[in-house]
Amino acid sequence: MSKSKLEYIWLDGYKPTQSLRSKTKIESDFSGKLEDCSNWSFDGSSTEQALGGSSDCLLKPVYIIPDPLRKDAYLVMCEVLNADGTAHVSNGRATIEDDDNDFWFGFEQEYFLWDTETNKPLGFPANGYPAPQGPYYCSVGANNAFGRDIIEEHLDACLDAGLNVEGINAEVAAGQWEFQIFAKGAKEAGDQIWLGRYLLERIGEKYGVAINWHCKPLGELDWNGSGMHANFSNTALRTAGSKEVFDKVCESFRPVVKEHIEVYGADNHLRLTGKHETASIHDFSYGVSDRGASIRIPVLVPQKGWSGYLEDRRPNSAADPYKVAARIIKTVKSAL
Ligand code: ADP
Ligand code: MN
Ligand code: MN
Ligand code: MN
Ligand code: MN
């Protein structure tokens, strides 16, 4: 008999930012298939998802990948259900209306590697600051790139696990990095981002380095915040062949700024200031190649005769990709 370790992973009920939780289930002679993962339960009173009196919440496996960091192991992404089998209020994935996987998402996940002793990004001296922003973006060399061992190990782990990472880069602030994940289907894109985050947290543990997902961990100082740009398309956008379709979709975002910002991550007013390649949280704008706009139309779109995708630059690094995707789908569907 062979034994496998299945790490059941879910999102807790903390507000305004949900965190990853997980626990291990040992299975005998496990097939490796999602359909052979049984439902499980956990103590919701310890995760802000239930009261002590009736504390059980259910874990429904929805996505499985091999766990490259453990022997004979898998990572099992789960939705949280109430004891009666209905979706828990914290379950953003269940709100996604994209049953035919017509929506494709590419998320650009930015984050800081965080020194738990100095409580500053990697590369920051214990006292004071490193040289101002400028040399760090896409940098190489020990003066400017900090924590490469960690992010390389993370990239390999993601690829070994079968996550569709499309690239990584050092970001504008010291100790800040990015990975991009693309998937056809909003749910899978969200699953893969959460699993990518999970692997990064686990590798960080090994190095004693925390991952700071906050969108503006250095506050009002002159350092970039962290985003999670959401690149999206559906058949209509991919085959539009018309500027009018792009204008119509972009305009449909204007009256629902509040609804979008609500799910674009905590403290986004600190990040969306109009500086550091962002648009003000109070405005709505879009434009070709415009990195100071709320929504950027990539320059390839007009070049390809007005077909392709859009980039909503407002979601931040701590946002839930499920909720971001669900809201974008709702707005785009209202336009077309
Ligand atoms: P930048 O940093 O210039 O904004 P990146 O290369 O970091 O761009 O990210 C662009 C993202 O757009 C990639 O993750 C890619 O997967 C995604 N993308 C490309 N084409 C599409 C498409 N048709 N639909 C959705 N996302 C797309
Ligand atoms: Mn127990
Ligand atoms: Mn990018
Ligand atoms: Mn970036
Ligand atoms: Mn981008």
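So A170 passes all but one of these: (1) free of Cβ contacts under 8 Å to residues at least 60 places away in the same chain; (2) surrounded by fewer than 21 Cβ atoms within 10 Å (Cβ to Cβ); (3) within 19 Å of D222 (Cα to Cα). Which condition number does it fail?
For A170, the exception is condition (2).
Considering each residue of the range 314-336, count those that are at pLDDT 95 or above and under 20 Å from K243 (Cα atoms), and give that number.
Going through the range 314-336 one residue at a time, the tally reaches 7.
Only one of S139, S90 is of a type in the set (G, A, S), closer than 24 Å to S317 by Cβ and over 20 Å from the mean Cα position of the chain (by Cα). Can you tell me which?
Being of a type in the set (G, A, S), closer than 24 Å to S317 by Cβ and over 20 Å from the mean Cα position of the chain (by Cα) holds for just one of S139, S90, which is S139.
Restricting the range 280-295 to residues that are part of a loop (DSSP other than H, G, I, E, B) and among the hydroxyl-bearing types (S, T, Y), which is surrounded by the fewest Cβ atoms within 10 Å (Cβ to Cβ)?
The qualifying residue surrounded by the fewest Cβ atoms within 10 Å (Cβ to Cβ) is S289.
May I ask you to say which residue of A230, A186 is within 14 Å of ligand 4 (Cβ to nearest atom) and crowded, with 19+ Cβ neighbours inside 10 Å?
From the options A230, A186, the qualifying one is A230.
Would you be able to say whether some residue in the range 182-194 is more than 16 Å from ligand 1 (Cβ to nearest atom) and of a type outside the set (A, V, I, L, M, F, W, C)?
No, the range 182-194 has no match at all.
Could you count how many residues in the range 1-52 are more than 20 Å from V80 (Cβ to Cβ) and modelled with pLDDT of 95 or more?
Looking only at that region, the number is 13.
I'd like the full set of residues that are without any contact (Cβ under 8 Å) to a residue 12 or more places away in the chain and either within 16 Å of ligand 5 (Cβ to nearest atom) or within 26 Å of M77 (Cβ to Cβ) (or both), limited to the range 137-167.
Matches in the range 137-167: E152, L159.
Being acidic (D, E), free of Cβ contacts under 8 Å to residues at least 40 places away in the same chain, away from ligand 3 (no atom under 14 Å from the Cβ) and more than 22 Å from N234 (Cα to Cα) is the requirement here; does E205 meet it?
It is true that E205 is acidic (D, E), free of Cβ contacts under 8 Å to residues at least 40 places away in the same chain, away from ligand 3 (no atom under 14 Å from the Cβ) and more than 22 Å from N234 (Cα to Cα).
Which residue, of G175, G196, is in contact (Cβ under 8 Å) with a residue 60 or more places away in the chain, on the phi > 0 side of the Ramachandran plot, within 16 Å of ligand 4 (Cβ to nearest atom) and crowded, with 21+ Cβ neighbours inside 10 Å?
The unique qualifying residue is G175.
When you scan the range 144-252 for helices (runs of 4 or more DSSP H) that lie fully inside it, which ones turn up with 3 or more residues that are of a type outside the set (V, I, T) and within 19 Å of the chain's Cα centre (by Cα)?
Ranges flagged: 148-161, 186-207.
Does at least one position in the range 96-105 carry a residue that is among the β-branched types (V, I, T) and either in contact with a strand residue (DSSP E or B) (Cβ under 8 Å, 6 or more places away or on another chain) or in a strand (DSSP E or B) (or both)?
No, the range 96-105 contains no residue that is among the β-branched types (V, I, T) and either in contact with a strand residue (DSSP E or B) (Cβ under 8 Å, 6 or more places away or on another chain) or in a strand (DSSP E or B) (or both).
The values are calculated or read from the model by the stated rules, or taken from the named source; none is laboratory data. Owing to the predicted nature of the structure, the values given are computational and were not obtained by experimental measurement. Quick reminder, even Gly has a Cβ in these numbers, built from the backbone with ideal geometry, and neighbours come from all protein chains shown.
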